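Worksheet for the structure shown next.
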Amino acid sequence: NADGTSAMQWANPFETTLYAKWTANTYAGTFDNQNATITGTTSATATYDAAMPAITRPTRTGYTFGGYFTQTNGGGTQYYNADGTSTRTWNLTAATTLYAKWAIITYNITYDLDGGSADNPTSYNIETPDFTLTDPTKEGCHFVEWTKGNNNTLLPTVTIEQGSTGNLDYTAHYKTNN
């Protein structure tokens, strides 16, 4: 009744305890992969006060995935680890977009200059503009060509193009001056 009294008569003369049954609200979580090469999971249902469900993480050539956050570039609150597992329980009360955080990968360039010298970069990343290796110098010799890794193909010049990935290894080859 409106006055707080029960309109129902209990057949049981003993005290009775009633329990409320609560169901946690769920919210749509969408993922903005921020230029991912392979998108992975694109959305998940978040249950209030529960861990986020595991996801398939996205990939992006030349970058390492750092998790999902409430703001771009790793800002705000993190809800997913880099391995796609939950970092915390969902505590938001609205549908929310989470943003991928990406860290650029630095690749190494090593040189076997066989006693020569050259002023060339020792690292690069996918965003590095195109550059051509400077020919090395060696006393009493002139530079002929490079070889890449274990490949015996001689390369008169080496240009590393923007968008390239992977560690690189170059060997210099010379001929003795006459």
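The values are calculated or read from the model by the stated rules, or taken from the named source; none is laboratory data. Just so it is clear, the structure is predicted and the values come from calculations on it, not from any experiment. No Cβ is skipped: glycine too gets one built from the backbone with ideal geometry, and neighbour counts run over all protein chains shown. Protein only, heavy atoms only, side chains kept; ligands, DNA and RNA dropped before computing areas. Shrake-Rupley method; radii C 1.70, N 1.55, O 1.52, S 1.80 Å.
Below, the figures for the structure above:
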quantity	calculated
Search result, residues across the range 104-120 that are part of a loop (DSSP other than H, G, I, E, B), open to solvent by less than 80 Å² (accessible area, probe 1.4 Å) and in contact (Cβ under 8 Å) with a residue 40 or more places away in the chain	Ile105, Leu113, Gly116, Ala118
Selection within the range 121-178 - part of a strand (DSSP E or B), among the hydrophobic types (A, V, I, L, M, F, W, C) and touching a residue at least 60 places away in the same chain (Cβ under 8 Å)	Leu168, Ala172
Subset of the range 11-62 [hydrophobic (A, V, I, L, M, F, W, C) and open to solvent by 60 Å² or more (accessible area, probe 1.4 Å)]	Ala11, Phe14, Leu18, Ala20, Trp22, Ile38, Ala51, Ala54
Selection within the range 164-178 - among the polar types (S, T, N, Q) and closer than 16 Å to Thr61 by Cα	Ser164, Thr165, Asn167
The lone exception for Ala95 - which of (1) of a type in the set (Gly, Ala, Ser); (2) open to solvent by less than 50 Å² (accessible area, probe 1.4 Å); (3) in contact (Cβ under 8 Å) with a residue 24 or more places away in the chain it fails	(2)
Any chance Gly84 is assigned to a loop (DSSP other than H, G, I, E, B), open to solvent by less than 40 Å² (accessible area, probe 1.4 Å) and of a type in the set (Gly, Ala, Ser)	yes
Of all residues in the range 123-145 being closer than 30 Å to Arg60 by Cβ and of a type in the set (Phe, Trp, Tyr), the one that is least open to solvent (accessible area, probe 1.4 Å)	Tyr124
Qualifying residue in the range 147-159 (condition: more than 30 Å from Thr56 (Cα to Cα), of a type in the set (Lys, Arg), over 19 Å from the mean Cα position of the chain (by Cα) and open to solvent by less than 80 Å² (accessible area, probe 1.4 Å))	no
Top-ranked residue of the range 151-166 - restricted to ones that are among the aliphatic types (A, V, I, L, M) and modelled with pLDDT under 95, ranked as nearest to Thr37 (Cα to Cα)	Leu155
